[in-house]
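A short worksheet on the structure shown next.
Computed from the coordinates by the stated procedures, all read-outs in this text should not be read as laboratory data. Quick caveat, the model's predicted, so the values are computed rather than measured. Positions of Cβ are backbone-derived with ideal geometry, glycine not excepted, and every protein chain shown enters the neighbour counts.
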Amino acid sequence: MYVCAKEIVKKYRPFLDPLGLTYTQYIALLVLWERDGLSVKDLGDRMFLDSGTLTPLLRKLEDKGLITRARDPADERSVVVALTPEGRGLKEKAVSIPASVGACMNISEEDAVALYGILGCLMGTFADNQ
């Protein structure tokens, strides 16, 4: 599974390099494009990353001008991550990436759907054990 995941991430590189993004930065943006204004904790939960891994990633996205991080006025202990206009605009440039990467895979649509279901079951198992 490790080798397969690593090879899939490599397939993203030609599409992400022109955007100046790593795969993990892209995944963080995907989550934020789906739901902007998440706390660092919620973002980490959705990405299965701890704050020690997520904080440097968010710092880099902030340095690129794609996100902001700010204390939640309702709860000073919480930091909210929000997309900047540049971060929201990058979504338009990245919208074709999933289809482009999918076209590089030697897998039928039926098998892809089955694999997605299996991975969902596995992720549910991991979430149950946290």
Original post:
What's the angle, to the nearest 10 degrees (0 to 90), between helix 109-128's Cα axis and the longest principal axis of the chain?
Top reply: 50 degrees
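Arrange the following residues from fewest to most other Cβ atoms within 10 Å of their Cβ: TYR116, TYR23, TYR2. Could the numbers behind the result be given before it?
Numbers: TYR116 10, TYR23 15, TYR2 6.
The fewest-first ordering by Cβ neighbours comes to TYR2, TYR116, TYR23.
Relative contact order (percent) for the range 2-128, with alpha-carbon contacts under 8 angstrom and 6 or more residues of separation?
Numbers: 92 pairs, mean separation 27.0, N = 127.
Once divided by the residue count of the range 2-128, the mean separation gives 21 percent.
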Subject >> Helix-only CD estimate at 222 nm, as mean residue ellipticity for the chain, using -39500 (n - 2.57) per DSSP H run (n ≥ 4) >> reply: -20500 deg cm²/dmol
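Which trypsin sites (Lys or Arg not before Pro) does the range 34-84 hold that lie in a coil by DSSP with at most 12 other beta carbons within 10 Å? Mind dumping the intermediate values first?
Values: sites: ARG35, LYS41, ARG46, ARG59, LYS60, LYS64, ARG69, ARG71, ARG77; in loops: ARG35, LYS64.
For trypsin sites (Lys or Arg not before Pro) across the range 34-84 that sit outside H, G, I, E and B with at most 12 neighbouring Cβ atoms in 10 Å, the list reads ARG35.
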Original post:
Which option, [x] 1.01; [y] 0.99; [z] 0.96, is the value of Rg/Rh (Cα atoms, Kirkwood Rh) that was calculated from these coordinates?
Top reply: [y]
Subject >> Under 23 Å from the Cα of LYS93 - lysines, other chains or at least 8 residues apart >> reply: LYS10, LYS11, LYS60, LYS64
